[in-house]
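For reference, the structure discussed in these notes is given below.
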Amino acid sequence: MNLSMISASVTMGQLQRKMDTLSHNMANSNTTGFKRREATFSDLLFQQVNNNTDTRYETGRLTPNGIRVGAGAKIAQTALRMEQGAIMQTGRELDFAIAERDHFFEVESVENGQATSYLTRDGSFYLSEDPQNPNALTIVNAKGDFLLDGGGNRFTLPMNFSEIKLSATGELEAILNDGTTQDLGQLQLIRVLKPHLLEAAGDSGFKIPDLAGLGFAEADVFEQVAGDEGRLIQSSLETSNVNIGQEMTELVNTQRHYQFNARALSMADEMNGLINGIRR
């Protein structure tokens, strides 16, 4: 395989990864709180070939001597884009839209008896029977994972409530059937200062990596902030930040690049066949 075929085949593999990223974005254009990803490219190693050592013929040359033969391109990174999605009113008491970038809900999942937490901007929550108290309710997401307050505890509601309200200071309150108000706890958010460090946890969820291994302190990466008025909007949801038109345009351009490299690979193969025919 010659250099032109290597360069084209390597680039085609990387372009396929970019098309996978774009397709994933488009497939989640209607997913609540979804954040798109964007692939960026960089050159792979290249080889400098000095094919003309006679400098008498290089007078007036502005470019470097010789030619550069690259090995194709690679995806440098697939960055998480945190642009704010549109706010959509739903009228549900347990729908909360985050109105600021880089903020997340913290939820807890339990698998094989082991509790772990992750972050999400999907603010669609529901009520479920509290597994630790059959006479109470708790707040969960669509997967059945528990919404956590600022102290890392699950919210607990009595059965005899008629309404759930979010106060201006971010306190969740239950209005009981007798008209009294019960404080459920502070609805806090996690503000991620370095969102590029987040690792995908599936279903629009993210987890914080091992910060000690990366050489970061917790205060450098995230902080807890109150989900007060202005940061949270009750009875609303944040839609995906995917722009279908933009993604389609990028997908068409990427497909054109893929076809160009496929054509280069085909032409190199034809040239090899021609050379082999001359030898015979």
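Any residue at all in the range 227-238 that's small (Gly, Ala, Ser), part of a helix (DSSP H, G or I) and modelled with pLDDT of 85 or more? No: the range 227-238 contains no residue that is small (Gly, Ala, Ser), part of a helix (DSSP H, G or I) and modelled with pLDDT of 85 or more. Applying a threshold of 7 Å to beta carbon distances and a minimum spacing of six or more residues, or different chains, the list of pairs starting in the range 24-37 at a residue that is touching a residue at least 12 places away in the same chain (Cβ under 8 Å) and ending at one that is assigned to a loop (DSSP other than H, G, I, E, B) and among the aliphatic types (A, V, I, L, M) reads 25/242; 26/242; 28/242; 29/242; 34/242; 35/82; 36/242. Every condition in (1) touching a residue at least 60 places away in the same chain (Cβ under 8 Å); (2) more than 19 Å from residue 33 (Cβ to Cβ); (3) over 21 Å from the mean Cα position of the chain (by Cα) holds for residue 254 except the one numbered (3). Working only within the range 183-212, note down all residues that are over 22 Å from residue 123 (Cα atoms) and open to solvent by 60 Å² or more (accessible area, probe 1.4 Å). Listed by number, the residues that qualify are 210, 212. For residue 247, state whether it is at pLDDT 85 or above and more than 29 Å from residue 137 (Cβ to Cβ). Answer is yes for this residue. Listed by position, the strands (runs of 3 or more DSSP E) enclosed by the range 110-175 that each have at least 3 residues that are surrounded by 13 or more Cβ atoms within 10 Å (Cβ to Cβ), within 31 Å of the chain's Cα centre (by Cα) and not β-branched (Val, Ile, Thr) are 114-120, 125-130.
The values are calculated or read from the model by the stated rules, or taken from the named source; none is laboratory data. Quick caveat: nothing in here was measured; it's all calculated off a predicted structure. Don't worry about glycine lacking a Cβ; one is built from the backbone with ideal geometry, like all the others, and counts go over all protein chains shown. To get the accessible areas, we keep the full protein, side chains included, count just its heavy atoms, and leave off ligands, DNA and RNA. Shrake-Rupley method; radii C 1.70, N 1.55, O 1.52, S 1.80 Å.
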